[in-house]
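Here the structure comes first, spelled out in structure tokens, and everything after it is commentary.
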Amino acid sequence: MVELLSGGEMIARALEDEGVEYIFGYPGGAVLHIYDALFKDCKVPHVLVRHEQAATHAADGYARATGKPGVVLVTSGPGATNAITGIATAYMDSIPMVVFSGQVQSHLIGEDAFQETDMIGISRPIVKHSFMVKKAEDIPVMIKKAFHIAATGRPGPVVIDIPKDITRPDEKFEYHYPRSVKMRSYAPAQRGHTGQIKKAAKLLVSAKRPIIYAGGGVIQGEGSDLLTRLARELNYPVTNTLMGLGAFPATDRQFLGMLGMHGFYEANMAMHHSDVILAVGARFDDRVTNTVSKFCPGAKIIHVDVDPASISKTVPADIPIVGPVQAVLEELLAQLATIREKESDLPDQGALERWWKQIDEWRGKHGLWTGRRYGESKMIMPQQVIESLYRVTDGDAYVTSDVGQHQMFAAQYYRFDQPRRWINSGGLGTMGFGLPAAMGVQLAFPDKAVACVTGEGSIQMNIQELSTCTQYNTPVKIINLRNNYLGMVKQWQDMQYEGRYAMSTYEDSLPDFVKLMEAYGHVGMQVTQLSELDAKMEEAFAMKDRLVFLDIIIDPMEHVYPMHVAPNGSMKDMWLSKNERT
Amino acid sequence: MRRIISMLMENEPGALSRVVGLFSQRGYNIETLNVAPTDDPTLSRLTLTTAGDDKQIEQITKHLNKLVDVVKLVDLTEGAHIERDLMLIKVRAQGVLRDEVKRTTDIFRGQIVDVGPNVYTIQLAGTSDKLDSFVAAMADVDILEVVRSGVAGISRGEKVLSL
Ligand SMILES: Cc1cc2nc3c(=O)[nH]c(=O)nc-3n(C[C@H](O)[C@H](O)[C@H](O)COP(=O)(O)OP(=O)(O)OC[C@H]3O[C@@H](n4cnc5c(N)ncnc54)[C@H](O)[C@@H]3O)c2cc1C
Ligand SMILES: Cc1ncc(C[n+]2csc(CCOP(=O)(O)OP(=O)(O)O)c2C)c(N)n1
Ligand SMILES: [Mg+2]
């Protein structure tokens with residue numbers, strides 16, 4: 001028997017049928033029919049945030065940690081516009097998300113009706129696709145399409161804008177949720193071009209100074225195991241982008257750390273001096289390449305990406321391969337096996353040995369993990385906080401972050417051995433991402449340790465979510481690297497503006513975070529001495545069912561190093577400390 | 001280099017704004033734009049001309065192809081093709097110039113489609129270059145209004161853009 005459901009009920013039911021675990025949202029006039037349908041009959045729990053931006057970040061954090069699309073429901077007008085920053089954040093990092101936004105009634109559209117905003121228009125440049133529902137009957141197929149588009153190919157956010165009249169409870173329609181959809185105009189690549197993969201395999205084994213440069217696409221495309229296998233079979237060094245951390249185990253000897261603007265010395269040096277680069281699911285971002293014309297002058301580049309537009313966008317590829325990481329890496333591994341069966345002396349082991357010797361020399365000289373690379377201070381150094389976090393959580397936590405120096409220290413000093421553990425906004429660099437994202441992660445994995453590494457600037461951009469954490473009991477651990485500055489801004493002002501701190505301090509206006517936590521029903525602790533750092537960290541993580549905020553007073557003068565020399569620098573041009581350059 | 005990019009897209013509201021938005025969002029130029037439904041009412045045919053180096057054009061076509069509403073796309077300038085731009089041009093046609101306008105129109109194989117005591121409205125179809133030359137040939141004439149359709153194009157021979 002076919003069921004008859006209203007538009008609002010169809011949405012509720014379709015979310016169940018799609019296997020959605022959480023809806024992150026906030027109600028308002030245009031979505032009240034939907035909320036009523038959720039209230040009456042929907043198995044999917046809804047998380048009420050305190051600001052729609054946080055709904056998108058929470059859904060985003062959930063998506064990054066689980067690989068499943070995050071789901072958001074917001075009302076029209078201000079609800080929709082508040083969601084924009086979070087949608088843009090997800091778009092820049094290719095995160096699957098489906099956002100339902102309410103819209104004014106169909107007949108009012110275009111009349112500047114109450115809480116009317118052209119959501120399709122405003123979100124157009126920051127979505128993978130969007131739908132405006134015209135008829136309630138279309139809802140099931142549209143939702144199926146939205147999830148399909150969001151999660152396949154290069155993932156990304158999809159918006160569904162729904163006029164209120166479409167969801168009215170008194171008009172019922174036949175409901176049938178499609179198992180799959182076919183779209184004539186959407187067909188992401190399923191596998192790479194065999195000829196290209198053969199060429200790539202040949203080039204790869206002929207390399208004398210190879211490097212594997214792996215990005216967020218390896219994590220998104222669940223390619224970490226295959227990538228790790230490939231790297232180990234060849235004994236080639238691996239570097240990860242900020243988005244790719246965890247795609248290859250950080251504690252593996254073959255891992256050179258992150259590359260790029262704040263990348264490891266050995267990673268940037270190895271890139272610059274390489275003769276073959278295998279780039280997988282990485283997009284040659286300007287935070288990685290430094291000056292494009294000086295990028296890795298001696299390297300031939302193999303570029304694997306599911307999105308053809310990522311290939312040769314900034315740096316031309318010698319062997320482009322359009323396809324999903326898994327399928328391409330599988331075929332590449334097979335091709336490599338075939339070649340090496342015939343030519344067992346490939347790759348050239350002597351050359352590889354010399355290459356590793358060179359890399360180990362670089363590592364020993366300036367590697368962040370091979371010696372203490374930061375200065376002495378009477379105060380706690382930010383790096384020590386992350387090292388402590390790593391120790392106390394056994395390297396097994398989910399770590400979200402905000403944006404700034406603390407983000408870079410977390411990326412450099414927490415060693416991620418698994419994909420989907422490091423959750424941060426790389427492409428848009430959205431302050432305010434960390435706490436709501438951590439909520440989403442904690443809801444997905446209630447029994448796991450979830451840490452949010454933040455700064456006193458960023459945390460205040462979505463601090464209202466402390467209340468959501470109380471309501472849903474999400475015991476995240478907030479690690480506040482408190483330097484009393486917009487530290488990353490200050491660093492640039494130190495380096496380029498002779499220390500003129502234009503609007504990068506708050507004077508004495510910061511709240512008492514410990515009291516603030518208590519006001520929300522959480523636990524706050526301040527840490528000022530290195531000697532108490534580990535103990536407080538342990539105490540925090542021992543409180544498994546409480547949100548704990550560690551307000552850690554750190555040395556405000558510390559900078560993030562290495563740092564690419566700009567403008568006109570290459571990958572190998574780096575500041576290594578305040579007065580030392582390559 | 002000038003390129004003529006032609007595509008079939010879903011005849012959906014919003015599809016056109018995605019194409020146009022892409023160009024402004026990514027800093028590309030649209031020189032002409034022409035769009036209308038096809039024999040298949042679910043599809044529109046959109047043709048645009050743009051200019052850029054090979055790398056830019058490659059990015060433009062890749063991004064256009066990525067748009068979910070774009071079903072199929074061809075860069076007509078990559079092969080032999082026919083392009084047509086349609087112009088309606090209203091000019092002052094008085095005294096000696098009235099005959100002169102008529103003669104020039106004939107030479108360009110245009111048609112005078114509306115006649116007034118003081119004005120002619122001329123219709124002319126052809127490549128954009130041809131229309132430009134016609135306008136240049138009207139240098140002595142008082143041009144009152146020009147409207148052009150933008151380039152529509154199609155491949156020569158057997159090659160077709162269809163599903
Ligand atoms: C303060 C700050 C400092 C930063 N410093 C650095 C830095 O030092 N180093 C650094 O690396 N970044 C840094 N970033 C981040 C930087 O801005 C970019 O976000 C990042 O470099 C992009 O990572 P990525 O190349 O892995 O691409 P992503 O943005 O992760 O893109 C993934 C790519 O993989 C592709 N893809 C997706 N799914 C698949 C699949 N299934 N198969 C194949 N391909 C797929 C996509 O099409 C895309 O091209 C910084 C950001 C901030 C905010
Ligand atoms: C929403 C937003 N506004 C502005 C910026 C620019 N910005 C980047 S880092 C930074 C400072 C962050 O300060 P804090 O959170 O205290 O971190 P710190 O750098 O001190 O560790 C600013 C303002 C941004 N990335 N996001
Ligand atoms: Mg700070």
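Tabulated values for the structure
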quantity	calculated
Flag for A:VAL49 being without any contact (Cβ under 8 Å) to a residue 60 or more places away in the chain and either touching a Leu at 6+ places or on another chain (Cβ under 7 Å) or surrounded by 22 or more Cβ atoms within 10 Å (Cβ to Cβ) (or both)	no
Criterion: farther than 27 Å from A:GLY524 by Cα and either among the small types (Gly, Ala, Ser) or out of contact with any Phe, Trp or Tyr (no Cβ under 6 Å at 6 or more places or on another chain) (or both) - qualifying residue of A:MET563, A:MET557, A:MET574, A:MET543	A:MET574
Residue within segment A:171-193 that is surrounded by 21 or more Cβ atoms within 10 Å (Cβ to Cβ) and either of a type in the set (Gly, Ala, Ser) or modelled with pLDDT of 95 or more (or both) present	yes
Single match in B:GLN111, B:GLN94, B:GLN123 (criterion: touching a Gly at 6+ places or on another chain (Cβ under 7 Å) and either at pLDDT 95 or above or farther than 30 Å from B:PHE23 by Cα (or both))	B:GLN123
Which listed residue, of A:LEU332, A:LEU352, A:LEU428, A:LEU368, is touching a helix residue (DSSP H, G or I) at 6+ places or on another chain (Cβ under 6 Å) and closer than 30 Å to A:LYS198 by Cα	A:LEU332
Search result, residues across segment B:1-37 that are among the polar types (S, T, N, Q) and away from every other protein chain (no Cβ under 14 Å)	B:SER6, B:ASN29, B:THR32, B:ASN34
Some residue of segment A:337-344 being surrounded by 15 or more Cβ atoms within 10 Å (Cβ to Cβ), β-branched (Val, Ile, Thr), within 16 Å of ligand 3 (Cβ to nearest atom) and at pLDDT 95 or above	no
Residue, nearest to ligand 3 (Cβ to nearest atom), within segment A:393-404, restricted to residues that are of a type outside the set (S, T, N, Q) and within 20 Å of A:ILE459 (Cβ to Cβ)	A:GLY404
When residues of segment A:176-194 are limited to those that are small (Gly, Ala, Ser) and within 27 Å of A:PRO320 (Cβ to Cβ), the one farthest from the other protein chains (Cβ to nearest Cβ)	A:GLY192
Close pairs from segment B:63-81: first more than 8 Å from every other protein chain (Cβ to nearest Cβ), partner acidic (Asp, Glu), Cβ under 8 Å, at least 6 apart	B:LEU76/B:GLU83
Enumeration of residues in segment B:142-163 that are more than 12 Å from the chain's Cα centre (by Cα), part of a loop (DSSP other than H, G, I, E, B) and away from chain A (no Cβ under 14 Å)	B:ASP142, B:ARG156, B:GLY157, B:GLU158, B:LYS159, B:VAL160
Single residue of segment A:450-473 satisfying the filter (among the aliphatic types (A, V, I, L, M) and over 17 Å from A:GLY524 (Cβ atoms)) that is farthest from ligand 2 (Cβ to nearest atom)	A:VAL450
Residue within segment A:505-519 that is within 16 Å of ligand 1 (Cβ to nearest atom), surrounded by 13 or more Cβ atoms within 10 Å (Cβ to Cβ) and over 30 Å from A:GLN442 (Cα atoms) present	no
Selection status of A:SER401, more than 14 Å from chain B (Cβ to nearest Cβ) and within 13 Å of ligand 2 (Cβ to nearest atom)	yes
A:ILE120 being modelled with pLDDT of 95 or more, more than 28 Å from A:VAL2 (Cβ to Cβ) and part of a helix (DSSP H, G or I)	yes
Members of segment A:128-147 found to be more than 10 Å from chain B (Cβ to nearest Cβ) and touching a strand residue (DSSP E or B) at 6+ places or on another chain (Cβ under 9 Å), listed by number	A:VAL133, A:LYS135, A:ALA136, A:GLU137, A:ASP138, A:ILE139, A:PRO140, A:MET142, A:ILE143, A:ALA146, A:PHE147
The listed residue being touching a helix residue (DSSP H, G or I) at 6+ places or on another chain (Cβ under 8 Å), among the aliphatic types (A, V, I, L, M) and assigned to a loop (DSSP other than H, G, I, E, B), out of A:VAL403, A:VAL385, A:VAL399	A:VAL403
Sole exception among (1) farther than 27 Å from A:LYS578 by Cα; (2) surrounded by fewer than 24 Cβ atoms within 10 Å (Cβ to Cβ) for A:MET439, by number	(2)
Unmet requirement for A:MET495, which otherwise passes all of (1) under 23 Å from A:MET261 (Cα atoms); (2) not in a helix (DSSP H, G or I)	(2)
Test: A:ILE84 is away from chain B (no Cβ under 14 Å) and touching a residue at least 12 places away in the same chain (Cβ under 8 Å)	yes
Residue within segment A:461-474 that is surrounded by fewer than 20 Cβ atoms within 10 Å (Cβ to Cβ), within 16 Å of ligand 1 (Cβ to nearest atom) and more than 21 Å from the chain's Cα centre (by Cα) present	no
Single residue of A:ASN579, A:ASN480, A:ASN484 found to be closer than 19 Å to A:GLN405 by Cβ and modelled with pLDDT under 95	A:ASN579
Single residue of A:SER106, A:SER123, A:SER101 found to be crowded, with 24+ Cβ neighbours inside 10 Å, closer than 25 Å to B:ASN11 by Cβ and more than 12 Å from chain B (Cβ to nearest Cβ)	A:SER101
Scan of segment A:442-485 for residues that are part of a helix (DSSP H, G or I), of a type in the set (A, V, I, L, M, F, W, C) and over 22 Å from A:PRO511 (Cα atoms), ordered by number	A:LEU443, A:ALA444
Pairs where the first residue, in segment A:503-522, is touching a residue at least 12 places away in the same chain (Cβ under 8 Å) and the second is within 13 Å of ligand 3 (Cβ to nearest atom) and of a type in the set (A, V, I, L, M, F, W, C), C-beta under 7 Å, 6+ apart	A:SER504/A:LEU486; A:SER504/A:VAL489
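Yes/no matrix, rows are residues, columns are (1) of a type in the set (Ser, Thr, Tyr); (2) on the phi < 0 side of the Ramachandran plot; (3) touching a Pro at 6+ places or on another chain (Cβ under 9 Å):
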position	(1), (2), (3)
B:GLN56	no, yes, no
B:LEU67	no, yes, no
B:LYS72	no, yes, no
B:THR77	yes, yes, no
B:GLN94	no, yes, yes
B:VAL101	no, yes, no
B:ASP106	no, yes, no
B:LYS130	no, yes, no
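The values are calculated or read from the model by the stated rules, or taken from the named source; none is laboratory data. Being a predicted model, the structure only gives us computed values, none of them experimental. So basically every Cβ, Gly included, is an ideal-geometry build from the backbone, and we count neighbours across all protein chains shown.
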